[in-house]
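The values are calculated or read from the model by the stated rules, or taken from the named source; none is laboratory data. No experiment lies behind these values; they were computed from the predicted model shown. Counting neighbours? That spans all protein chains shown, and the Cβs are built from the backbone with ideal geometry, glycine included.
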Amino acid sequence: MNKLIQKRWIYHSVIWLALITLALISSEGIRTWRDVWELLTIGGGILTGIILSVYTAFYTEAHWFRNRKYAVFIVGTSLAIVLVASLTWLIAQQLTNEYIPWGQHIVNHFVLAFVALGLRYLKRGVVRQYQLQEARARQLESELEFLKAQMNPLFLFNTLNNLYGLNIKDPVKGSEVILSLSDLLRYQVSSADKKMVPLQEEVDFIHEYVSVERLRLTSCNNVTVNVEGVEADHVIAPMILIPFIENAFKYGTHSTQEATIVINIHVHENKLHLHVTNPIVRKQVLSTGIGLKNV
């Protein structure tokens with residue numbers, strides 16, 4: 001049954017026959033079954049002409065127009081439609097007493113054929129546009145997943161570097177950082193496959209990250225985090241804010257120089273404003289250079 005439905009000419013014919021029969025039956029003069037049979041016969045003849053004209057145009061379009069043989073397409077299609085229309089006109093004159101001008105019959109077939117071609121190209125355009133948009137969406141989603149996959153190791157890479165330096169100076173603090181790091185990684189893993197997460201969870205993650213960084217900082221460094229306007233229904237792409245925070249600690253802290261980092265997160269009228277301020281006290285640091293580009 002599915003293979004039968006897939007043959008377009010079959011359900012095209014059924015639709016056309018149903019429409020023509022409905023139009024003919026709705027006309028006046030239907031009193032006996034013989035009248036119905038005659039109208040069905042006429043409808044079948046008209047339908048045959050429509051099928052021949054439309055599918056002739058489809059055939060010539062596929063073999064000549066698509067191959068840029070435009071002159072051959074115009075001449076060949078025109079001759080074929082004139083021939084088909086003339087044959088069906090002769091048949092129609094035998095089946096009905098109503099006279100249909102030959103020229104009008106030719107015009108009708110040309111109109112039907114080229115309207116069908118127009119609808120075919122309209123359908124192709126819509127389908128191709130949909131396929132193009134779908135392909136672009138898949139490409140963007142793949143790129144986003146790739147960028148997220150890059151960002152997650154970057155965070156771990158930077159944190160492990162800090163942990164290594166802290167363990168050399170203070171093993172006790174290093175142990176505390178390891179415990180806090182497990183919480184950070186747990187959130188990172190749980191949010192990796194999500195397109196959006198609650199903004200409050202992202203803010204809590206930033207607070208936890210700042211707490212981990214504070215363990216390795218000296219009294220020369222001052223860090224302030226201000227958060228305003230965050231509500232329960234606010235969502236955001238995961239791990240998209242942390243690269244800015246990481247850069248502030250990467251370039252803006254020092255063991256002996258005074259340094260102040262200020263992180264302001266403010267939501268107003270459904271817009272998120274992130275403002276991170278830090279001095280540049282360390283210019284030569286290990287960096288992959290892709291964190292902010294990915295954001």
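Within segment 180-205, the set of residues being touching a strand residue (DSSP E or B) at 6+ places or on another chain (Cβ under 7 Å), assigned to a helix (DSSP H, G or I) and either of a type outside the set (S, T, N, Q) or modelled with pLDDT under 75 (or both) comprises Leu199, Glu202, Val203. Checking Arg31, Arg66, Arg8 one by one, the residue that is closer than 19 Å to Val115 by Cα, surrounded by fewer than 17 Cβ atoms within 10 Å (Cβ to Cβ) and at pLDDT below 75 is Arg8 and no other.
Checking segment 194-204 against the condition returns no match, with no residue being surrounded by fewer than 19 Cβ atoms within 10 Å (Cβ to Cβ) and on the phi > 0 side of the Ramachandran plot. Flag: Ile280 matches the condition of being at pLDDT 85 or above, in a loop (DSSP other than H, G, I, E, B), under 26 Å from Tyr164 (Cα atoms) and more than 39 Å from the chain's Cα centre (by Cα). From the list Val177, Val223, Val262, Val267, the one residue that fits, being touching a Lys or Arg at 6+ places or on another chain (Cβ under 9 Å) and assigned to a strand (DSSP E or B), is Val223.
Filtering Ala135, Ala116 for residues that are modelled with pLDDT of 75 or more, in a helix (DSSP H, G or I) and touching a Ser or Thr at 6+ places or on another chain (Cβ under 9 Å) leaves a single hit, Ala116.
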